[in-house]
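Here's the structure, in structure tokens; my notes come after.
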């Protein structure tokens, strides 16, 4: 009697389907428009044709596709408007000059990507990229909290890149895209304290990390369900002075490339020890985050 495909053990079927469903080289863009600011991000696998073969294959393929792939939430450029529900509703009227076509980006077949809870809850690995963390409060953090509370998210990597402006003591642009507060005087006061590096700098850092959305972001990163949680900051970012004291130091036995990256942070994004930030704000919360991790 000949052996049929469905008669094979689940482990063998996973090995057969893995090359067809797992994209190891590049992350998969998780945006309603289906694209990313990064040219290297593209969907090379075609899961739909595999999912429709048979219910048994579907169960295995769904677990492989959402569990073994890394998905990218790109909030750079115009993608931040794709992520925000309010912007999705009004983008066609308020942003007609934008480079993206709202009608195409939110067509009936694409707009469901981030709104399908069953699919989002299966994702295990997420990379986030943005230079405007202030939009985390409404566009990103609720989604991550949903994936942590009711989903399978276990790996989170957040990269904050640099914007297009440089700040001075009189122009607090360094915090404009970082914090979601409406007090302009507070912006200027905190920015001046960071730039002048005076006796109030340490207090200003603590104050900034307790403001939205940073405090909520640190809380999400400290969730005990996350097995891996990393925060990377571009040293060219306007608000680098805020993060510099918390940059990750090389550990004993670290590879030479990692040590060189920490000694010369301007060669690329620098990993931030977000647990030390929690210890600075709340020693008890910081200790708990370390114990859980």
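Quick notes
- Within the stretch 103-138, the set of residues being surrounded by 20 or more Cβ atoms within 10 Å (Cβ to Cβ), in contact with a strand residue (DSSP E or B) (Cβ under 9 Å, 6 or more places away or on another chain) and modelled with pLDDT under 85 comprises 130, 131, 133, 136.
- Qualifying residues in the stretch 37-87 (those that are part of a helix (DSSP H, G or I) and under 24 Å from residue 138 (Cβ atoms)) - the one modelled with the lowest pLDDT: 86
- Of note, residue 34 satisfies the criterion of being modelled with pLDDT under 80 and surrounded by 12 or more Cβ atoms within 10 Å (Cβ to Cβ).
The values are calculated or read from the model by the stated rules, or taken from the named source; none is laboratory data. For clarity, every value in this text was computed on a predicted model and none was experimentally measured. Cβ atoms come from the backbone with ideal geometry, glycine included; neighbour counts cover every protein chain shown.
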